[in-house]
1. Has the range 542-550 got any residue that is within 27 Å of LEU605 (Cβ to Cβ) and among the charged types (D, E, K, R)?
2. Criterion first (closer than 18 Å to TRP651 by Cα, open to solvent by less than 10 Å² (accessible area, probe 1.4 Å) and among the hydrophobic types (A, V, I, L, M, F, W, C)) does ILE513 satisfy it?
3. So, of the residues in the range 527-554 that are in contact with a helix residue (DSSP H, G or I) (Cβ under 9 Å, 6 or more places away or on another chain) and among the aromatic types (Phe, Trp, Tyr), which turns out to be modelled with the lowest pLDDT?
4. Identify, please: which residue in the range 147-184 is among the polar types (S, T, N, Q) and within 23 Å of ALA117 (Cβ to Cβ) and is, among those, surrounded by the fewest Cβ atoms within 10 Å (Cβ to Cβ)?
5. Tell me, please, whether a residue that is part of a loop (DSSP other than H, G, I, E, B) and in contact with a Leu (Cβ under 9 Å, 6 or more places away or on another chain) can be found in the range 594-606.
6. Going by what's in this entry, would ALA589 be described as open to solvent by less than 20 Å² (accessible area, probe 1.4 Å) and either assigned to a loop (DSSP other than H, G, I, E, B) or within 30 Å of LEU78 (Cα to Cα) (or both)?
7. Please indicate, with yes or no, whether at least one residue in the range 355-372 is within 29 Å of TYR396 (Cα to Cα), open to solvent by 10 Å² or more (accessible area, probe 1.4 Å) and over 26 Å from the mean Cα position of the chain (by Cα).
8. Is the range 462-471 home to any residue that is at pLDDT below 95 and polar (S, T, N, Q)?
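The values are calculated or read from the model by the stated rules, or taken from the named source; none is laboratory data. Here the structure is a predicted model, which is why all the values come from computation and not from measurement. All Cβ positions, glycine included, derive from the backbone under ideal geometry; neighbour counts span all protein chains shown. We work out accessible area using only protein heavy atoms, side chains counted, and drop any ligands, DNA or RNA first. Shrake-Rupley method; radii C 1.70, N 1.55, O 1.52, S 1.80 Å.
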Amino acid sequence: MKNFLFSAFTIFISAISVFSCAKAENYSISPMTKTSDVNYTVEDLKNLRDFLLTKPAEDLSEKNYDLDGDNAWTVFDLCLMKRQISDMNNIQDNENTEQENILVAYFSRTGNTEKIAEKIVDITGADVFEIEAENPYTDEDIAYHNSSCRANLEQADKAARPEIAGEIENIEQYDYVFLGYPIWWGEEPRIIDTFLESYDFSDKTVIPFCTSGSSGIGTSEKNIRELVPIGEQLAGKRFEVDSTEDEISDWIDSLEIDNKKEVQKMNISVNGHILKAELADTQAAKELYELIKSKPLTLTLNEYGSFEKVGKLPQSFTKNDEQITAQAGDIMLYQGNQMTIFYGENSWSYTRLGKIENVTEKELAEIFGDGDVTVTISAEREFNFETKTVMLNSGYEMPIMGLGTYSLTDEECYNSVTALLENGGRLIDTAYMYGNEAAVGRAIRDSDVPREKIFVITKIYPGEQFADPEKAIQDALDKLDIRYIDMMLLHHPGENDVKAYLAMEKFVEDGKIHSLGLSNWYIEELEEFLLQVNITPALVQNEIHPYYQEPEVVPCIQSLGIVVQGWYPFGGRGHTSELLGDETLNKIADAHGVSAAQVILRWNLQRGVVVIPGSSNPDHIKENLDIFGFALSDIEMEQIAKLNRDEKHDWY
């Protein structure tokens, strides 16, 4: 059975939930201090924990731990504080490193695109090539109001190929080409087409960027993709001429260029804390990551020397020992089969495994405490935008984009699932209450896609199904008739929900269900529920859209190692037109040459939320899947965040 041990933090949260009514007005908290302006530390986390447990604590009269603004210090504030500290740990210093295999090639008649190109060069250390016309463009040549001007005539002729002065030497040395240009009449200038046809890009990654007054980059991106064979084309970006270096750097970081050093991270759960650690660049660290990426590893670490905790690993790793003076936060491999975590200093022969981030020696000593400790180590769960999947805590990979089948029945459902599979989609969400499990199963069986490539979620419902869960589960298996169910959820809380979940666990043991989850469960329900089950849910599925974003609930669930999935991504029945017509969303969509629906889906993915939009329209299904060719900037993500109204559209 693939089982996931829920974190010590989950146990801790549940243990103190009975104290969550403690009132913040017991302390004199300055109303001028906003919690959003406070950088909390592990010491603050310990203080709030002790307060909620009614343990003796230092004077907290000057502290503001009311993160959710309800005038009370509660377990929810503790969760939000832990999340903030976790986010702080993820902040990396961006160091400019020269890249010998990156080229910035650009055409700039007025100098606007050149300004952006120069900033990209500064950020990446890339080589640069300016695309210049053999016959330079004059002001009269680009007089847009003159229909017979040179540029106007060229843009109207798809076959026009203005000659380029000069050429790139040794272009074979470049793996990545940033390609910059202004937008002329809604498209790339024809001289860009000349450039693309002059070289072989079949083994290169091309990244377009443009400047324009108002036009987006979408049409030119499509033209470039269809013009010549390109190894890979990453999501392009339109920039204002006054775009800052930070904005451009954020875009470059979002591209996840392969030659950037891939940093693997892990979470260490110990004594109610979750610590972030970056793995070292050693073979042993790679072997450790392989061990924990499918399921967490729980170890008992023994106290040694008042400066380290050491415990035996389940297997030996490759030794590459060297004499090292270990510091607080260092994680070392000792004798090939023992892990040592330091909260003090010691010199010995070790192999590096990793380093705990952003925690002081004093804080580590307090977190690990005296004596032996139990730690749970897990791989940090992030969406893989290349494979379009996420690794669940059950050890199975799940697609991050799919199809919701609510309200789809019989042939309509069959045709929708078929359209999804034909267009590369592999995630399907159904339920007993939808009445379409049989249609989903038939479409899968009739498809040419191997069963192992498809991920099916279904749900059982409160009432008769929770009362007799074994029958309900078997009914789902029979209706789907696809050998096994990838994930089964409880549809929403109700009488006998724990009984039903424990029954699902037995089917996991038998291999008939791979992963378990919950639908319409929130923080309070989770706190009570998790202590009563053996397998931690791999997923929680809730209503999520730009008008109902759950900015506290989503990250809190994610911090427990549980993936979040959103239903009603377009707002649901009666609200879709308003949401898809939102001015902010459409402005962002125009900038990328995509639809508002695609922007919403991409926004979800960049928040770490799996999406399952429903549709019976094959064109819409295809469009919904096409959300990996662009990326939203931090500014655009913030603009969408401001749309939140806490406006729930269904009763769950």
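1. Yes, the range 542-550 contains at least one residue that is within 27 Å of LEU605 (Cβ to Cβ) and among the charged types (D, E, K, R).
2. no
3. Among those residues, the one meeting the criterion is PHE529.
4. Among those that are among the polar types (S, T, N, Q) and within 23 Å of ALA117 (Cβ to Cβ), it is ASN170.
5. Yes - at least one qualifying residue is present in the range 594-606.
6. Here the answer is no, as ALA589 does not meet what is asked.
7. Scanning the range 355-372, I find no residue that is within 29 Å of TYR396 (Cα to Cα), open to solvent by 10 Å² or more (accessible area, probe 1.4 Å) and over 26 Å from the mean Cα position of the chain (by Cα), so the answer is no.
8. Scanning the range 462-471 turns up no residue that is at pLDDT below 95 and polar (S, T, N, Q).
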